[in-house]
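The values are calculated or read from the model by the stated rules, or taken from the named source; none is laboratory data. Please read these numbers as outputs of a predicted model, since none were measured by experiment. Positions of Cβ are backbone-derived with ideal geometry, glycine not excepted, and every protein chain shown enters the neighbour counts. In case anyone asks, the SASA skips ligands and DNA or RNA and just uses the protein heavy atoms, side chains included. Shrake-Rupley method; radii C 1.70, N 1.55, O 1.52, S 1.80 Å.
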Amino acid sequence: MVWETLVNLVCRPPRYTYDPDEILGPKRFRIDGRLFERVDLEVLNKRRQRLKCSHYMPVVEGGRQQTRFPCVIYCHGNCGSRVDASDCLDLLLPQSISVFAFDFSGSGLSDGETISLGYYEQDDLMAVIEYLRSSGLVSRIGLWGRSMGAATSILVAARDPSIAGMVLDSS
């Protein structure tokens, strides 16, 4: 019983659930007078699980700018969610760097029941990278990972030398 409880704390930690409209804020917002938007979407991983995602991008008054921006993908830690990316928006968006945040499978609002501390999460991150590359919205891609997200970022960057840079916190 004690062993099972310990295993569940690691592989099935308490799941952070939230209301995106309430917690993620308005779809359009300003930082330092500049206009930005959040686009919520879903990406399927190779296990056919839906990953809940948000792409934060600069916009031009009157419509979305056609310029491709560099993008940082925020990879949350164990027990985290895409909500955690809010800490880096004020830093990156004013630099014309878009931010893509998502809930790993088994976390937040995404499908899945367990986490693997990086093993299956690397498939989630690869699905997000493939989506962004095919979207035509981004130029270069960087990774910002915290804890489990940092370990996942390392695993993916080892397979994908085109990753432009990484911020790794508590890996």
Per-region count, the range 87-114, residues under 12 Å from residue 75 (Cβ atoms) and hydrophobic (A, V, I, L, M, F, W, C): 6
Those residues of the range 18-31 which are modelled with pLDDT under 95 and open to solvent by 90 Å² or more (accessible area, probe 1.4 Å), in sequence order: 21, 22
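Consider the range 132-171. How many of its residues are part of a helix (DSSP H, G or I) and not basic (Lys, Arg)? Break it down stepwise before answering.
First, pick out the residues of the range 132-171 that are part of a helix (DSSP H, G or I): 132-135, 148-159.
If we keep only those that are not basic (Lys, Arg) as well, we get 132, 134-135, 148-158.
Of the residues in the range 132-171, 14 are part of a helix (DSSP H, G or I) and not basic (Lys, Arg).
Please specify each residue of the range 124-145 satisfying the condition of being under 13 Å from residue 51 (Cβ atoms) and crowded, with 18+ Cβ neighbours inside 10 Å.
The answer is 124, 125, 127, 128, 129, 131, 132.
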Which numbered condition residue 9 fails, given (1) of a type in the set (A, V, I, L, M); (2) out of contact with any helix residue (DSSP H, G or I) (no Cβ under 6 Å at 6 or more places or on another chain); (3) modelled with pLDDT of 95 or more; (4) in a helix (DSSP H, G or I): (3)
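Whether any residue in the range 51-64 is part of a helix (DSSP H, G or I), open to solvent by 10 Å² or more (accessible area, probe 1.4 Å), in contact (Cβ under 8 Å) with a residue 24 or more places away in the chain and charged (D, E, K, R) is what I want to check.
Within the range 51-64, the subset part of a helix (DSSP H, G or I) is none.
Among the residues of the range 51-64, not one is part of a helix (DSSP H, G or I), open to solvent by 10 Å² or more (accessible area, probe 1.4 Å), in contact (Cβ under 8 Å) with a residue 24 or more places away in the chain and charged (D, E, K, R), which makes the answer no.
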Selection from the range 81-105 of residues that are in a loop (DSSP other than H, G, I, E, B) and either open to solvent by 10 Å² or more (accessible area, probe 1.4 Å) or at pLDDT below 95 (or both): 96, 97
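Report whether or not residue 109 is within 17 Å of residue 127 (Cβ to Cβ), surrounded by fewer than 16 Cβ atoms within 10 Å (Cβ to Cβ), in contact with a strand residue (DSSP E or B) (Cβ under 6 Å, 6 or more places away or on another chain) and at pLDDT 95 or above. Let's see the steps before the verdict.
Details: within 17 Å of residue 127 (Cβ to Cβ): yes; surrounded by fewer than 16 Cβ atoms within 10 Å (Cβ to Cβ): no; in contact with a strand residue (DSSP E or B) (Cβ under 6 Å, 6 or more places away or on another chain): yes; at pLDDT 95 or above: yes.
So residue 109 does not fit the description; no.
Just to be sure, is residue 115 under 15 Å from residue 150 (Cβ atoms) and part of a loop (DSSP other than H, G, I, E, B)? Can you show your working first?
On the way: under 15 Å from residue 150 (Cβ atoms): yes; part of a loop (DSSP other than H, G, I, E, B): yes.
When the stated conditions are applied, residue 115 passes them.
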Residue within the range 146-161 that is open to solvent by less than 30 Å² (accessible area, probe 1.4 Å), within 20 Å of residue 71 (Cα to Cα) and among the hydroxyl-bearing types (Ser, Thr, Tyr) present: yes
Residue list for the range 113-123, filter: buried (at least 21 other Cβ atoms within 10 Å of the Cβ) and either closer than 23 Å to residue 69 by Cα or touching a residue at least 40 places away in the same chain (Cβ under 8 Å) (or both): 115, 121
